[in-house]
1. Filter region 41-62 for residues that are over 13 Å from the mean Cα position of the chain (by Cα) and either closer than 14 Å to T13 by Cα or open to solvent by 90 Å² or more (accessible area, probe 1.4 Å) (or both) and give the result.
2. Only residues that are open to solvent by 70 Å² or more (accessible area, probe 1.4 Å) and farther than 20 Å from M97 by Cβ: list them for region 23-40, please.
3. Which members of region 32-51 meet the condition of being part of a helix (DSSP H, G or I) and over 15 Å from S94 (Cβ atoms)?
4. Of everything in region 18-40 that's more than 23 Å from T74 (Cα to Cα) and among the polar types (S, T, N, Q), which residue is farthest from the chain's Cα centre (by Cα)?
5. Taking the condition of being hydroxyl-bearing (S, T, Y), in contact with a Leu (Cβ under 8 Å, 6 or more places away or on another chain) and either open to solvent by 50 Å² or more (accessible area, probe 1.4 Å) or without any contact (Cβ under 8 Å) to a residue 40 or more places away in the chain (or both), how many residues in region 63-110 meet it?
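The values are calculated or read from the model by the stated rules, or taken from the named source; none is laboratory data. From a predicted model like this one, the values you see are computed outputs, not experimental measurements. Every residue, glycine as well, gets a Cβ built from its backbone with ideal geometry; the counts of neighbours run over all protein chains shown. These area figures cover heavy atoms from the full protein model, side chains too; ligands, DNA and RNA do not enter into them. Shrake-Rupley method; radii C 1.70, N 1.55, O 1.52, S 1.80 Å.
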Amino acid sequence: MKLSTEIALPVLTYLWVCGLSLLSGMATYCNRICKGETLGSPYSSFFLDIFYCQMAGLITYFLAVSAGTEGFLTAALVSTGSHMGARLIFAVESLVMHTVHLHEQTREKD
């Protein structure tokens, strides 16, 4: 059974976007392993890295399409955006956790 081009092209596009984001997630996880920064079990850390990179990669793809970029520029933006976007999400998460921890300490002192 053949897929029509109207269905096949978007499916292929999402497959390469998810593939590039998956590679970025694996790179992020390997980087965390080398630095010794894994939190909790290695499996949950791996899946969180993959999830964050997939989310950042898809957001970057939608932004690139809406900006009118095409081809290799979109691929480069998705690769870079998924890796760096996941790092941004981790940085914001660390900031929030630090802020919550500070608020808990001030409540304990009062």
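1. Scanning region 41-62 gives Y43, F62.
2. L23, M26, C30, I33, C34
3. Within region 32-51, I33, C34, P42, Y43, S44, F46, F47, I50, F51 qualify.
4. Among them, the one singled out is T38.
5. Residues that pass the stated criteria total 1.
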